[in-house]
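First the structure, in the form of C-alpha coordinates, and then the observations on it.
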Amino acid sequence: QKESLYRKTYGPHQVAAPGLLDFLSSLKSAGYKIALGTSAPVPNVLFTIDGLHLRSYFDLIIDGSMVKKGKPDPEVYLKCVAGLGLEASECVVFEDAPAGLLSARRAETRRVGVITSHQKEELTEAEQFIFDFKNLTVDTIQNWFA
(Lines give C-alpha, C1' and ligand atoms only; values in the text may rest on other atoms or scores of the structure.)
Protein backbone atom coordinates (compact mmCIF):
# COMPACT_ATOMS: atom_id res chain seq x y z
CA GLN A 1 0.00 0.00 0.00
CA LYS A 2 2.85 2.36 0.86
CA GLU A 3 4.51 1.86 -2.53
CA SER A 4 1.22 2.30 -4.37
CA LEU A 5 0.55 5.53 -2.45
CA TYR A 6 4.08 6.69 -3.30
CA ARG A 7 3.49 6.17 -7.03
CA LYS A 8 0.10 7.87 -6.92
CA THR A 9 1.40 10.86 -4.96
CA TYR A 10 4.72 11.27 -6.76
CA GLY A 11 3.51 10.54 -10.30
CA PRO A 12 2.40 14.06 -11.25
CA HIS A 13 5.70 15.49 -9.93
CA GLN A 14 8.05 12.99 -11.54
CA VAL A 15 10.91 14.66 -13.42
CA ALA A 16 14.34 13.46 -14.54
CA ALA A 17 17.41 14.80 -12.76
CA PRO A 18 18.70 17.94 -14.48
CA GLY A 19 20.83 17.00 -17.48
CA LEU A 20 20.17 13.25 -17.18
CA LEU A 21 18.45 12.79 -20.53
CA ASP A 22 21.17 14.67 -22.42
CA PHE A 23 23.87 12.71 -20.60
CA LEU A 24 22.24 9.35 -21.35
CA SER A 25 21.80 10.39 -24.99
CA SER A 26 25.47 11.31 -25.25
CA LEU A 27 26.52 7.96 -23.79
CA LYS A 28 24.30 6.06 -26.24
CA SER A 29 25.54 8.13 -29.18
CA ALA A 30 29.12 7.36 -28.18
CA GLY A 31 28.34 3.63 -28.12
CA TYR A 32 28.47 3.03 -24.38
CA LYS A 33 26.44 0.28 -22.75
CA ILE A 34 24.17 1.42 -19.92
CA ALA A 35 22.68 -0.66 -17.13
CA LEU A 36 20.32 0.21 -14.31
CA GLY A 37 21.04 -1.63 -11.08
CA THR A 38 18.47 -1.03 -8.37
CA SER A 39 17.06 -2.67 -5.29
CA ALA A 40 13.71 -1.00 -5.88
CA PRO A 41 10.58 -3.10 -6.26
CA VAL A 42 9.58 -3.84 -9.87
CA PRO A 43 6.46 -1.61 -9.86
CA ASN A 44 8.55 1.38 -8.75
CA VAL A 45 11.22 0.66 -11.37
CA LEU A 46 8.64 0.49 -14.14
CA PHE A 47 6.88 3.58 -12.78
CA THR A 48 10.10 5.57 -12.99
CA ILE A 49 11.71 4.35 -16.22
CA ASP A 50 8.46 4.35 -18.14
CA GLY A 51 7.11 7.51 -16.54
CA LEU A 52 10.29 9.37 -17.52
CA HIS A 53 10.66 7.55 -20.88
CA LEU A 54 14.07 6.17 -19.92
CA ARG A 55 13.70 2.53 -20.96
CA SER A 56 15.28 2.99 -24.40
CA TYR A 57 18.55 4.19 -22.86
CA PHE A 58 19.20 0.97 -20.92
CA ASP A 59 20.79 -2.13 -22.38
CA LEU A 60 20.11 -3.98 -19.14
CA ILE A 61 17.94 -3.50 -16.06
CA ILE A 62 18.60 -5.47 -12.88
CA ASP A 63 15.95 -4.86 -10.23
CA GLY A 64 15.26 -6.05 -6.72
CA SER A 65 13.43 -9.17 -7.90
CA MET A 66 16.59 -10.39 -9.66
CA VAL A 67 18.95 -10.37 -6.68
CA LYS A 68 19.04 -12.38 -3.49
CA LYS A 69 20.96 -9.78 -1.49
CA GLY A 70 20.32 -6.05 -1.53
CA LYS A 71 22.81 -3.24 -1.33
CA PRO A 72 25.41 -2.92 0.17
CA ASP A 73 25.99 -6.44 -1.12
CA PRO A 74 27.63 -6.12 -4.58
CA GLU A 75 25.30 -8.64 -6.27
CA VAL A 76 23.23 -6.08 -8.21
CA TYR A 77 26.32 -4.43 -9.71
CA LEU A 78 28.09 -7.72 -10.37
CA LYS A 79 25.03 -8.80 -12.37
CA CYS A 80 25.11 -5.52 -14.29
CA VAL A 81 28.80 -5.93 -15.11
CA ALA A 82 28.32 -9.53 -16.24
CA GLY A 83 25.16 -8.75 -18.17
CA LEU A 84 26.92 -5.99 -20.10
CA GLY A 85 29.86 -8.29 -20.83
CA LEU A 86 32.37 -5.90 -19.28
CA GLU A 87 35.03 -5.91 -16.61
CA ALA A 88 34.11 -4.12 -13.37
CA SER A 89 37.00 -1.69 -13.84
CA GLU A 90 35.39 -0.57 -17.13
CA CYS A 91 32.15 0.39 -15.38
CA VAL A 92 31.22 3.66 -13.69
CA VAL A 93 28.37 3.59 -11.20
CA PHE A 94 26.38 6.73 -10.40
CA GLU A 95 24.87 6.41 -6.91
CA ASP A 96 23.19 8.75 -4.46
CA ALA A 97 23.18 6.49 -1.38
CA PRO A 98 25.97 5.30 0.92
CA ALA A 99 24.85 1.65 0.73
CA GLY A 100 24.79 1.81 -3.07
CA LEU A 101 28.27 3.28 -3.23
CA LEU A 102 29.57 0.60 -0.87
CA SER A 103 27.92 -2.01 -3.09
CA ALA A 104 29.62 -0.51 -6.16
CA ARG A 105 33.02 -0.45 -4.42
CA ARG A 106 32.60 -4.08 -3.38
CA ALA A 107 31.85 -4.90 -7.02
CA GLU A 108 35.14 -3.12 -7.88
CA THR A 109 33.57 -0.53 -10.20
CA ARG A 110 34.43 3.15 -10.44
CA ARG A 111 32.04 5.38 -8.48
CA VAL A 112 30.45 8.81 -8.82
CA GLY A 113 28.46 10.09 -5.87
CA VAL A 114 25.33 11.99 -6.87
CA ILE A 115 24.61 14.51 -4.12
CA THR A 116 20.84 14.53 -3.61
CA SER A 117 19.38 13.55 -0.25
CA HIS A 118 22.80 12.71 1.24
CA GLN A 119 25.63 15.14 1.80
CA LYS A 120 29.04 14.67 0.19
CA GLU A 121 30.50 13.70 3.57
CA GLU A 122 28.09 10.75 3.75
CA LEU A 123 29.10 9.40 0.33
CA THR A 124 32.50 8.20 1.50
CA GLU A 125 32.89 5.50 -1.16
CA ALA A 126 32.59 7.93 -4.08
CA GLU A 127 35.65 8.81 -6.13
CA GLN A 128 34.04 11.83 -7.79
CA PHE A 129 30.92 13.88 -7.06
CA ILE A 130 28.16 15.61 -8.99
CA PHE A 131 25.03 17.51 -7.96
CA ASP A 132 23.28 16.82 -11.26
CA PHE A 133 24.07 15.71 -14.80
CA LYS A 134 24.09 19.16 -16.40
CA ASN A 135 27.22 19.73 -18.47
CA LEU A 136 28.49 16.22 -17.66
CA THR A 137 30.24 14.76 -20.70
CA VAL A 138 31.78 11.47 -21.72
CA ASP A 139 35.16 13.25 -21.83
CA THR A 140 34.76 14.39 -18.23
CA ILE A 141 34.10 10.84 -17.06
CA GLN A 142 37.02 9.49 -19.09
CA ASN A 143 39.35 12.15 -17.66
CA TRP A 144 38.28 11.39 -14.09
CA PHE A 145 39.10 7.72 -14.42
CA ALA A 146 42.01 7.76 -16.90
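The values are calculated or read from the model by the stated rules, or taken from the named source; none is laboratory data. All values reported here derive from a predicted model rather than from experimental measurement. No Cβ is skipped: glycine too gets one built from the backbone with ideal geometry, and neighbour counts run over all protein chains shown. Remember, those area values only see protein heavy atoms, side chains included, never the ligands or the DNA or RNA. Shrake-Rupley method; radii C 1.70, N 1.55, O 1.52, S 1.80 Å.
Let me know the number of lysine pairs in the chain closer than 24 Å at the Cα, not counting same-chain pairs under 8 apart. Close lysine pairs found across the chain: 13. Ordering 99, 65, 113 by the projection of their Cα atoms onto the charge dipole of the chain, which places +1 on the Cβ of Lys and Arg and -1 on the Cβ of Asp and Glu, puts 65 at the extreme positive end.
Only protein atoms count toward the accessible area here, which uses a 1.4 Å probe; on segment 7-55, the carbon and sulfur part of that area reaches 63 percent. Taking 117, 56, 65 as the candidate residues, the one with maximal mean-square fluctuation in a Gaussian network model of the chain, Cα springs under 10 Å, is 117. In Å², and per residue, what accessible area does segment 54-109 have when probed at 1.4 Å with the other protein chains present? Ligands and nucleic acids excluded, the result is 50 Å² per residue. Remark: the Cα gyration tensor places segment 1-134 in the rounded category, a/c being less than 1.5.
If you run the Gaussian network model on the chain, springs between alpha carbon atoms under 10 Å, then out of 84, 101, 36 the most flexible one is 84.
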